[in-house]
1. Once the Cα atoms of helix 222-234 and of the chain are each reduced to a long axis, what angle between those two axes, in degrees from 0 to 90 to the nearest 10, is obtained?
2. Quote the FRET efficiency, to the nearest 0.05, computed for residue 92 versus residue 113 with a Förster distance R0 of 22 Å and r equal to the Cβ-Cβ distance.
3. Can you grab the distance from the C-alpha centre of segment 144-183 to the C-alpha centre of segment 193-227, Å, no decimals?
4. From the convex hull of the Cα coordinates of segment 62-137, what is the mean projected area in square nanometres?
5. Could you rank the peptides 235-243, 19-27 by their average count of other C-beta atoms within 10 Å per residue, with the highest value first?
6. Beyond 22 Å between alpha-carbons counts as too far, so tell me which of 151/259; 116/151; 45/259; 45/186 fall in that bin.
7. Roughly how compact is segment 166-238, stated as its Cα Rg over 2.2 N^0.38 Å to two decimals?
8. If the only charges are +1 at each Lys and Arg Cβ and -1 at each Asp and Glu Cβ, what is the size of the charge dipole of segment 170-263 around the Cα centre, to the nearest 20 debye?
Amino acid sequence: MIIATTAAEVRRQVRAWQRAGLTVGLVPTMGYLHEGHASLIDCAKRECDRVVASVFVNPTQFGPGEDLEAYPRDFEHDCALLSEHGCDMVFHPAVEEMYPDGGIVTYVELHNDMPKQLCGVTRPIHFRGVCTVVSKLFNIASPDKAFFGQKDAQQLAIIRRMARDMSYGIEIIGCPIVRDADGLAKSSRNTYLSPEERKAALVLSRAVRLGEKMVAEGETRAAVVLNAMQTLIEGEPLALIDYVSAVSLDTLMPVTEMKSGVLTAMAVYIGRTRLIDNFIIR
Ligand code: PAF
């Protein structure tokens, strides 16, 4: 596996692959990789001839007081996982490589309500940072396809819209949520949880299962489903709800009816750790 630290190296290598007629998949990550990321690499391997992963903890998507400094990092472990899953190149730039001259003044940002909903209420600059860095990665790697987890459903919807609006010509592929055996959605932030909090965190996947079951049994009123999920979460003493919402998968605007194309998403603090989970009605 090639380890690249500069944009120029990535451009050179991807161009060489594409000149040889090979397709290239990009898997953007912030590192501290787990089976969720591995499933993105596996999916990219199935769909593309060569796979590039990026490992970069992107400062512009963290607001003041968020966990930028504390965000877990282990590049050696990341490389082992990536090469085990057949990743061809990892791009691991320094902050100065991505944001030279002490910062950035050009941002990529959606000017509709999508970044203001759900996580955007408490993380107002988050999606501007995500779109900016993903757009830079798209420009650097010019992949044919890019792969993102469905766990970050709002991020995926926003990136789809950005890629369409900016005419990237890159196919955006969403991959299913990967869970631990007991249901907890895989997340690099799960490492912040104490054993007691780890148990309490199961309330998120329990709420997802409850919501899915109610919909499967015919409940169509969003308010009823959301109420039941909220009540379940509130029964867990270590949990504090940020939001539990049902929105349109395309626009991220709230809906009243549980039907195909609805994303039910939640963010819940377990102690000081903010976790997200969701389900989509197909
Ligand atoms: O989902 C993530 O890990 C990040 O938001 C991403 C897409 C790699 C951008 O930094």
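Quick note: the coordinates plus some simple rules give every number you see, no bench work behind them. All of these numbers come straight from a predicted model, not from anything done at the bench. Positions of Cβ are backbone-derived with ideal geometry, glycine not excepted, and every protein chain shown enters the neighbour counts.
1. Approximately 90 degrees, to the nearest 10.
2. Numbers: r = 35 Å, r/R0 = 1.57.
After rounding to 0.05, the efficiency reads 0.05.
3. Here the answer is 22 Å between Cα centres.
4. Details: hull surface 27.0 nm².
Result: a mean projected hull area of 6.7 nm².
5. Descending packing order for the listed peptides: 19-27, 235-243.
6. On the way: 151/259 19 Å; 116/151 18 Å; 45/259 33 Å; 45/186 20 Å.
45/259, as the Cα separations exceed 22 Å there.
7. On the way: Rg = 15.9 Å, N = 73, 2.2 N^0.38 = 11.2 Å.
Compactness ratio reported: 1.42.
8. Details: 10 positive and 13 negative charges, 30 e Å.
Dipole of segment 170-263, to the nearest 20 debye: 140 debye.
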